[in-house]
Amino acid sequence: MSESNDYDVDALLDRVGFEADRNVLTRRQAEVLALRERDVPQADIAQRLGTSRANVSSIETSARTNVEKARETIAFAEALNAPVRVDVAAGTDLYDIPSRVYAACDDADVKVNQTAPELMKSVSDAAGDAVSGREVKRDLLVGVTMDGTVRVRRQELD
């Protein structure tokens with residue numbers, strides 16, 4: 001097992017460019033994640049930080065939640081700014097989505113970086129329970145960025 005004292009957390013955070021005033025994570029959250037990503041046990045981190053293992057667990061959970069929210073925010077912003085946006089209505093066959101996305105990309109002169117099977121898998125995976133088998137169960141928005149990255153947004157139910 002790794003000892004948390006084997007790591008210079010300040011150096012780790014500097015190396016990856018952590019800036020607390022420009023980040024959704026607090027410095028403490030960043031420290032905990034940096035150590036946990038290096039398999040340092042929570043008990044060792046707690047000892048290093050002078051707190052309890054339960055507190056380290058809470059900090060880690062909050063940090064991971066914040067990271068996921070940041071990813072979601074980026075995906076949302078990219079979908080809003082995507083030059084290609086294809087609305088996919090509930091009831092659509094998953095197999096019909098690639099041709100619609102490719103046609104919209106052709107119109108916008110954007111190249112998709114995925115084959116039809118990859119695109120269907122991306123849509124299905126990103127949509128979660130909004131796709132069941134081949135059927136789209138809830139409205140989706142499929143966006144494609146200028147670099148060909150596909151972003152899928154599902155319409156949340158009220």
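Every number here is computed from the coordinates shown, using simple stated rules; none is lab data. Note that the structure is a prediction, hence the values are computed from the model and not measured. Backbone-built Cβ (ideal geometry, glycine too); neighbour counts: all protein chains shown.
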Filtering segment 125-158 for residues that are of a type outside the set (Val, Ile, Thr) and farther than 18 Å from Leu80 by Cα leaves a count of 12
Among Arg28, Arg22, Arg85, Arg100, the single one that is without any contact (Cβ under 8 Å) to a residue 12 or more places away in the chain and under 25 Å from the mean Cα position of the chain (by Cα) is Arg22
Those residues of segment 109-130 which are touching a strand residue (DSSP E or B) at 6+ places or on another chain (Cβ under 8 Å) and farther than 16 Å from Ala77 by Cβ amount to Val110, Val112, Asn113, Gln114, Leu119, Ser122, Val123, Ser124, Ala127, Gly128, Ala130
Here the qualifying pairs (Cβ atoms under 7 Å; residues six or more apart or on different chains; first in segment 103-124 and over 14 Å from Arg85 (Cα atoms); second small (Gly, Ala, Ser)) come out as Asn113/Gly148; Gln114/Ser122
When segment 33-59 is checked residue by residue, the ones that are surrounded by 13 or more Cβ atoms within 10 Å (Cβ to Cβ) and small (Gly, Ala, Ser) are Ala34, Ala43, Ala46, Ser52, Ser57, Ser58
Q.
Any residue at all in segment 84-102 that's in contact with a helix residue (DSSP H, G or I) (Cβ under 9 Å, 6 or more places away or on another chain) and among the polar types (S, T, N, Q)?
A. yes
- Task: Can you confirm whether segment 84-102 contains a residue that is in contact with a Phe, Trp or Tyr (Cβ under 8 Å, 6 or more places away or on another chain), within 13 Å of Val150 (Cα to Cα) and aliphatic (A, V, I, L, M)?
- Result: no
